[in-house]
Amino acid sequence: MAWNYTKDLFAWTYVAFDSFEGLPEIPEIDQQPIWHPGELATGETDFRSIVATSGMPRERLVTVKGFYDQSLIPELAERLLPKKAVLIYVDCDLYSSTVPVLRFCKDFLQPGTVIVFDDWFCFYGDPDRGERRAWAEFCQANPDLRFVNFISTNEAQAFICLGERKAAHEIGDPMPPTTAGS
């Protein structure tokens, strides 16, 4: 979908992070009757074929295979940086998978980066579970970053990164102090 909407506008490289093995072991916090380890799997070769069928040149796609808590490592970030993200599409379903994704993505954020959570309302919309909980914890742990709500659907929620908060001394005082006059 990202390719179809941007291919004529930008010469981006698309990076897909996935286990390509389906869901990991499901920790207690993420338990739901519908999820089981290994479900929702699309193999890396199949994924690449699907993307190629949409017309994306193979050289424009980078895949990173592995469960996020093991594959999203500092060495990978160093390899991808200094490039920044335009769009981060979080399709994790699980809290335990979303936490390492957000931790990894922090260095790739810039003003204008759009972060989309496609399973925002999993767990019946419970803000203490799933992607919603991971996002709240990420925002609390990174109070220097600012985000604004962007788009919300019946399944997804998107935010736009506004960048880092500036200290008052960095932006200057927009209104000089007034003095009591005579």
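Among the residues of region 60-80, count how many are of a type in the set (D, E, K, R) and either in a strand (DSSP E or B) or over 30 Å from Thr6 (Cα atoms) (or both).
So the count comes out to 1.
Hey, can you tell me all the residues within region 107-162 that are polar (S, T, N, Q), outside any loop (DSSP other than H, G, I, E, B) and out of contact with any Phe, Trp or Tyr (no Cβ under 9 Å at 6 or more places or on another chain)?
Passing the criteria: only Gln140.
On the given criteria, is Gln70 polar (S, T, N, Q) and in contact (Cβ under 8 Å) with a residue 60 or more places away in the chain? Full working, then the answer.
Numbers: polar (S, T, N, Q): yes; in contact (Cβ under 8 Å) with a residue 60 or more places away in the chain: no.
Considered against the rule, which asks whether it is polar (S, T, N, Q) and in contact (Cβ under 8 Å) with a residue 60 or more places away in the chain, Gln70 comes out as no.
Specify the residue that is farthest from Ala156 (Cα to Cα); the eligible residues are those in region 110-128 that are hydrophobic (A, V, I, L, M, F, W, C) and surrounded by 19 or more Cβ atoms within 10 Å (Cβ to Cβ).
Step by step, filter region 110-128, then rank; the result is Phe123.
Can you pull out every residue in region 16-59 that is outside any loop (DSSP other than H, G, I, E, B) and either among the aromatic types (Phe, Trp, Tyr) or surrounded by 14 or more Cβ atoms within 10 Å (Cβ to Cβ) (or both)?
Ala16, Phe17, Asp18, Asp30, Glu44, Phe47, Arg48, Val51, listed by residue number.
Just wondering, is there one or more residues in region 85-102 that are in contact with a Leu (Cβ under 7 Å, 6 or more places away or on another chain), farther than 18 Å from Pro24 by Cα and not in a helix (DSSP H, G or I)?
yes
Go through region 1-45 and give me each residue that's at pLDDT 95 or above and more than 20 Å from Tyr68 (Cβ to Cβ).
Thr45
List the number of the failed condition for Leu81; all other conditions in (1) of a type outside the set (Lys, Arg); (2) touching a residue at least 12 places away in the same chain (Cβ under 8 Å); (3) under 27 Å from Cys122 (Cα atoms) hold.
Against the list (1) of a type outside the set (Lys, Arg); (2) touching a residue at least 12 places away in the same chain (Cβ under 8 Å); (3) under 27 Å from Cys122 (Cα atoms), Leu81 comes up short only on (3).
Within region 49-83, which residues are out of contact with any strand residue (DSSP E or B) (no Cβ under 9 Å at 6 or more places or on another chain) and of a type in the set (Ser, Thr, Tyr)?
Those that are out of contact with any strand residue (DSSP E or B) (no Cβ under 9 Å at 6 or more places or on another chain) and of a type in the set (Ser, Thr, Tyr): Ser49, Thr53, Ser54.
Mind checking whether some residue in region 21-39 is under 20 Å from the mean Cα position of the chain (by Cα) and among the aromatic types (Phe, Trp, Tyr)?
Within region 21-39, none of the residues are under 20 Å from the mean Cα position of the chain (by Cα) and among the aromatic types (Phe, Trp, Tyr).
The values are calculated or read from the model by the stated rules, or taken from the named source; none is laboratory data. Predicted model, so just to flag it, every value in this text is computed and none were measured. Cβ coordinates were reconstructed from backbone atoms using ideal geometry, including for glycine residues, and neighbour counts include every protein chain displayed.
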